[in-house]
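Below is one structure, written out as structure tokens, with a few remarks after it.
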Amino acid sequence: MKRFTLVLVFCFALAAVAEDEGRYRDLGAKIQCSCGCNQMLLQCNHVGCPSSAKMIQDLHTSLATYKNDEDVLNWFRSNYGMTVVVAPATHGFELTIWVMPPLLLLVAVTLLFFLIRLWRQRATPVPAMGVDPQLDALRERARKETEL
């Protein structure tokens with residue numbers, strides 16, 4: 001029974017470490033290195049990068065401190081600037097970054113629909129072939145005269 005308990009505790013510890021590793025990778029992919037390379041923090045490949053080692057240490061520290069991912073990102077925004085976090089927040093003014101593109105697309109498609117509808121209503125109907133008897137007579141005469 002003691003072994004079973006030990007194995008169970010070990011499994012829970014591994015699950016917690018795997019969850020922390022996944023959270024670390026996920027948040028590291030949302031933060032940009034501040035050295036100017038325009039790469040994600042965990043992918044910065046500069047040899048001797050002056051920023052990435054400290055930022056990675058700060059990421060580990062903030063992961064231990066904050067349980068919410070948004071709090072970690074807010075910590076990086078406040079300490080390194082708003083541009084260091086690549087993924088926009090889903091609240092406040094940054095919510096418009098998520099809402100505006102689909103909303104503008106919907107408005108554009110709606111306006112295009114009504115514009116095409118308006119153009120179709122304004123269009124003058126083209127007379128169908130064979131409506132005017134005088135034109136039919138002229139066509140028939142032209143056919144007869146051009147036959148060889």
Checklist line | Hits in the range 50-109 (condition: over 25 Å from the mean Cα position of the chain (by Cα) and of a type in the set (Val, Ile, Thr)) | finding: Ile56, Thr61, Thr65
Next item on the list: Scan the range 91-107 for residues that are under 20 Å from Phe76 (Cα atoms), surrounded by 11 or more Cβ atoms within 10 Å (Cβ to Cβ) and of a type outside the set (D, E, K, R) and jot them down.
Entry: Leu95, Ile97
Item checked: Qualifying position, being loosely packed, with under 10 Cβ neighbours inside 10 Å, out of contact with any Cys (no Cβ under 9 Å at 6 or more places or on another chain), of a type in the set (Lys, Arg) and modelled with pLDDT of 85 or more, among Arg120, Arg77 -> Arg120
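The values are calculated or read from the model by the stated rules, or taken from the named source; none is laboratory data. The shown structure was predicted, so the numbers you read here are calculated from the model rather than taken from an experiment. Methodologically, a virtual Cβ is constructed for each residue, glycine included, from the backbone with ideal geometry; neighbour enumeration extends over all protein chains shown.
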